[in-house]
Structures are given as C-alpha cells and as structure tokens.
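First the structure, in the form of structure tokens, and then the observations on it.
The values are calculated or read from the model by the stated rules, or taken from the named source; none is laboratory data. The structure presented is a predicted model; accordingly, all values stated were derived computationally and were not measured. Here Cβ is always computed from backbone atoms with ideal geometry, including for glycine, and neighbour counts include all displayed protein chains.
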Amino acid sequence: MFIKKLNFLLYIGLIGLINSCSQTDSGVNNLLIDSTEQESELQKTAVKVPSPIELYIFMYNANATFSKENLNPVDNHSKYTTRIKKAINLGVYASDLAYCTVFKQNKETFTYFSVTKKLADDLALTEGFDESIVKRIDANMNNSDSLYQISNDSYATAIRFLEQQGKEDLLPLMITGAWIESVNLAIKSIDKFDSNNEIVIRIADQGLLLENILELFQYVKNNPEYAKIIELLVDLQLSYDKLLDNTDVIITKKQFEEITNKIKAIRALFIA
C-alpha cells in the first residue's frame, strides 16, 4: 500500500499542480497517513496508474536521447480554450515537464513549469502554485536534483483539492494526457523496431496502465463530452489486447506499428 501511495504522490509533481513543494519528508508522510481513510473510489483507481516519471527514468537508464522537438511546443497552450482541452494538455505539458527534469534539461524544466502553471491558472488549480515556487525553480536552474525534487509534488493533496472544488472529473483527462505524452515520447525514442528492445517491451506493457485509465472514465462515462476520448482509448485497448495471443514474442512489428500509430493519432488530436 505504501508503494502504491508513493506512486500516487509522485504523479502530481509531474502534473505540476497544487502543492507548495516545500514540505519535509515527514510532512509528506503525514499527508499519506491522513488521506488513507478519506480515499475515494476515484482515488483508489488513480493509485493504480504510475506516474510518467517511471517511464522516463526507465528511458534515461536505457540511454534514450532527449529530444526537445518531440515535446508539445509551449506556444500551443494559447490554442486550448475549452475546459477539456486545457485539462488534457495540462497533463501533456506536465508530462513534458517530467521528461525535462529526468533528462536534466534545466532550462526546459523552467519553461515547461511555466506553461503548466498557465494552464493550471486557467483551470483554477493554483493552490500553492504561487511565485515562491517559480522563484525556487529559478534559484535552482543549475541543480538538476533540486528541480527533480520540486517537480515531485503531493498527488494526494491535489486529489483532495480537486474533490473539494468539485473538479474531480478533470483527473481522468490530466492522467490520460500525461500518459499518452509519455508513451509517445517513448515511441519517438526508438530508431528501429526490435522485439527485444527494452523500451519496446515497456511500451507493450502499457496496456495494463490503459486498463486502469479506462477505469477512471467509468466515473464520468455519462458525460457526453468524454465520449470521443473514451472511444479512442477503447479502440487502443483492442490493439493491446491482441498481444495476449502472442506466444513467441511479447509484441510483433505489425502490432507495434498498429499501437504506435494509434497513440500518435490520439496525441495529435489532443495537442491540436
């Protein structure tokens, strides 16, 4: 349970939301303890979805190359005018923020923190997201470890805040945006398909996370605004399900291309 809670804690730092980032370790532990009895069904499902940082750390350790051109350009943020688009791309930009911090790209970390803050402001998700955090990041521009720590905020606090504000319906959108972006970046890091490539295998494993993400949408399935997103994710899940029939390999080249093409198409729709 503690490991699950820790994953839960990590995710919001990568979404760049809510908490002041100035808590001590004991303060974080107190948050985890205090939130245990208040955990909702939505929270329990969200716990099952690890943060993008796990995939990025895996990529970093696998010697993947950082590619700024694969990120969602910060100038795109002005195109997102609807609540759904803003929530999805808050997740996308937060995932890009995580990617930058893991790969020790300090300048880009500040840039993507700033654009994430703008979308958070638009959605009124700004508690603890004040100038003190911006100053802290600015003061640690040359300290990758500190930037990494700053980007790891309290997920539990964010969920409670969303629920208190009646905005828990944003959670599936942010998580989906962050997840799609992380898998897309993993895909872009591969030069040539190899069924034994460890990043290819990790992409194949993402079907399990997709199942958990789809569970999150069960709580908002009656909202027609979510219908298209759910449809795209269910279609992607059908492609992942084909991997269950494999016997000799985890994923074939044809299956990999089908899955990656769908992820790229979803991501293109999200950031358009």
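Among the residues of the stretch 203-256, the one identified as among the charged types (D, E, K, R), surrounded by fewer than 13 Cβ atoms within 10 Å (Cβ to Cβ) and under 24 Å from residue 54 (Cα atoms) is 241.
Here residue 220 fulfils each of the conditions (1) at pLDDT below 95; (2) of a type in the set (Val, Ile, Thr); (3) out of contact with any Phe, Trp or Tyr (no Cβ under 7 Å at 6 or more places or on another chain) apart from (3).
Of all residues in the stretch 215-265, how many are among the small types (Gly, Ala, Ser) and within 22 Å of residue 92 (Cα to Cα)?
Number satisfying all stated conditions: 2.
Every residue, every condition in (1) of a type outside the set (Gly, Ala, Ser); (2) modelled with pLDDT of 50 or more; (3) in contact with a Gly (Cβ under 8 Å, 6 or more places away or on another chain); (4) not in a helix (DSSP H, G or I), yes or no:
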position: 8; (1), (2), (3), (4): yes, no, no, no
position: 30; (1), (2), (3), (4): yes, no, no, no
position: 33; (1), (2), (3), (4): yes, no, no, no
position: 56; (1), (2), (3), (4): yes, yes, no, no
position: 64; (1), (2), (3), (4): no, yes, no, yes
position: 76; (1), (2), (3), (4): yes, yes, no, no
position: 84; (1), (2), (3), (4): yes, yes, no, no
position: 90; (1), (2), (3), (4): yes, yes, yes, no
position: 101; (1), (2), (3), (4): yes, yes, no, no
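Could we say that residue 235 is among the acidic types (Asp, Glu) and more than 22 Å from residue 192 (Cα to Cα) here? In short, yes. For the stretch 228-271, a residue qualifies if it is aliphatic (A, V, I, L, M) and over 18 Å from the mean Cα position of the chain (by Cα), and the qualifying residues are 234, 238, 243, 244, 249, 250, 251, 259.
Beta carbons closer than 9 Å, at least 6 apart along the sequence or on distinct chains, pair a first residue in the stretch 244-272 that is assigned to a helix (DSSP H, G or I) with a second that is among the charged types (D, E, K, R) and loosely packed, with under 12 Cβ neighbours inside 10 Å for 269/228; 271/79. Within the stretch 11-24, one or more residues are loosely packed, with under 15 Cβ neighbours inside 10 Å and modelled with pLDDT under 50. Only one of the listed residues (114, 182) is out of contact with any helix residue (DSSP H, G or I) (no Cβ under 7 Å at 6 or more places or on another chain), closer than 25 Å to residue 67 by Cβ, at pLDDT 60 or above and small (Gly, Ala, Ser). That residue is 114. Can you pull out every residue in the stretch 61-76 that is buried (at least 17 other Cβ atoms within 10 Å of the Cβ) and within 17 Å of the chain's Cα centre (by Cα)? Across the stretch 61-76, the qualifying residues are 71, 72.
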